[in-house]
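The values are calculated or read from the model by the stated rules, or taken from the named source; none is laboratory data. What you see is a predicted model; the values in this text were computed from it and never measured. Counting neighbours? That spans all protein chains shown, and the Cβs are built from the backbone with ideal geometry, glycine included.
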Amino acid sequence: MQKFDLAYLLLAILPILLAITLSEAACGYMARYCGDRTAETMGRLSLNPAKYIDIIGTIIVPAFTLIVLQGYFMVGWAKPVPIDPRNFKNRRTGERLVAIASPLANLLMCLCWTIVVILSRWVPEYFQEPMALMGVMGIQFNAVFCFFSLLPIPPQPGAQFVNSFLSPRASMQYRKLEPYGTWIIIFMIISGLLSFILWPFTNLIISMMSFLINLF
């Protein structure tokens with residue numbers, strides 16, 4: 001990824017917002033599919049990214065990590081969609097489907113941004129480079145968020161997925177990690193452990209998208 005500058009930050013805004021917020025929206029729609037209409041009745045179920053913006057998690061933290069790490073890594077989060085698992089038709093199945101909705105949404109957005117990169121070749125020359133760069137960033141950010149959300153560290157969706165397979169007793173013990181989850185992730189970011197774990201997986205997705213781009 002190229003070195004950070006102001007132009008890079010401006011081009012990164014849309015990919016970051018969509019990567020963070022639409023993956024959260026996917027959880028809400030999956031919850032409704034599974035029988036929980038809590039988000040819908042509260043007016044929080046929408047494809048409008050503004051509904052999911054959290055000032056700290058969606059704007060400040062992503063911008064800070066993007067600047068400090070010079071574009072090599074970026075994390076953030078959206079305002080959580082209100083979900084009540086008690087309303088699911090099948091609680092265990094519902095929890096699993098909602099948990100994987102977020103990373104699957106990021107994978108879908110990787111494909112969408114790949115199409116943007118391909119289409120950039122046919123727009124006016126002035127727009128080709130920024131459009132292609134925005135598409136590349138969209139692929140990279142969504143690849144990172146896809147596997148970041150799969151981390152089995154509460155309250156990440158990956159932890160919710162793991163928890164759905166545990167017995168009530170084991171689940172209670174596992175959920176005791178939740179108050180420390182954010183601090184664990186911060187430590188992993190600072191130590192470089194997080195990028196070490198995520199990079200092989202994100203690089204695989206990026207390589208697959210690059211292959212598709214080169215086909216056209």
For Gly71, indicate whether it is of a type outside the set (Phe, Trp, Tyr), at pLDDT 80 or above and more than 14 Å from the chain's Cα centre (by Cα). no
Checking Tyr180 against (1) within 14 Å of the chain's Cα centre (by Cα); (2) surrounded by fewer than 21 Cβ atoms within 10 Å (Cβ to Cβ); (3) assigned to a helix (DSSP H, G or I): exactly one of these is not met. Which one? (1)
Can you find a residue that is surrounded by 14 or more Cβ atoms within 10 Å (Cβ to Cβ), within 27 Å of Ile13 (Cα to Cα) and in contact with an Asp or Glu (Cβ under 8 Å, 6 or more places away or on another chain) anywhere in segment 83-97? no
Is there any pair with a first residue in segment 203-216 that is without any contact (Cβ under 8 Å) to a residue 24 or more places away in the chain and outside any helix (DSSP H, G or I) and a second that is of a type in the set (Ser, Thr, Tyr) and surrounded by 10 or more Cβ atoms within 10 Å (Cβ to Cβ) whose Cβ atoms are under 7 Å apart and which are 6 or more apart or on different chains, and what are they? none
Taking interchain pairs and intrachain pairs at least six residues apart, which have beta carbon atoms under 8 angstrom, with the first residue in segment 28-51 and among the basic types (Lys, Arg) and the second surrounded by 15 or more Cβ atoms within 10 Å (Cβ to Cβ) and assigned to a helix (DSSP H, G or I)? Arg32/Ala39; Arg32/Glu40; Arg37/Asn87; Arg44/Gly28; Arg44/Lys51; Lys51/Thr21; Lys51/Ala25
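Table: residues versus (1) among the polar types (S, T, N, Q); (2) within 17 Å of Trp113 (Cβ to Cβ).
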{"position": "Pro154", "(1), (2)": "no, no"}
{"position": "Gly158", "(1), (2)": "no, no"}
{"position": "Ser164", "(1), (2)": "yes, no"}
{"position": "Pro168", "(1), (2)": "no, no"}
{"position": "Pro179", "(1), (2)": "no, no"}
{"position": "Met188", "(1), (2)": "no, no"}
{"position": "Ser195", "(1), (2)": "yes, no"}
{"position": "Leu215", "(1), (2)": "no, yes"}
Looking for whichever is over 15 Å from Ser102 (Cβ atoms), at pLDDT below 90 and polar (S, T, N, Q) here; the options are Ser167, Ser171, Ser191. Which one fits? Ser191
Lone unmet requirement of (1) buried (at least 18 other Cβ atoms within 10 Å of the Cβ); (2) in a loop (DSSP other than H, G, I, E, B); (3) polar (S, T, N, Q) for Ser120: (2)
From (1) modelled with pLDDT of 95 or more; (2) exposed (fewer than 12 other Cβ atoms within 10 Å of the Cβ), pick out the condition that doesn't hold for Phe127. (1)
From the residues in segment 144-176 that are under 22 Å from Asn106 (Cβ atoms) and of a type in the set (Ser, Thr, Tyr), which one is surrounded by the most Cβ atoms within 10 Å (Cβ to Cβ)? Ser149
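Yes or no, residue by residue, for (1) farther than 14 Å from Leu18 by Cα; (2) modelled with pLDDT of 80 or more; (3) in contact with a Gly (Cβ under 6 Å, 6 or more places away or on another chain):
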| site | (1), (2), (3) |
| --- | --- |
| Leu66 | yes, no, no |
| Gly76 | no, no, yes |
| Pro80 | yes, yes, no |
| Arg92 | yes, yes, no |
| Val98 | yes, yes, no |
| Met109 | no, yes, no |
| Val123 | yes, yes, no |
| Asn142 | no, yes, no |
| Cys146 | no, yes, no |
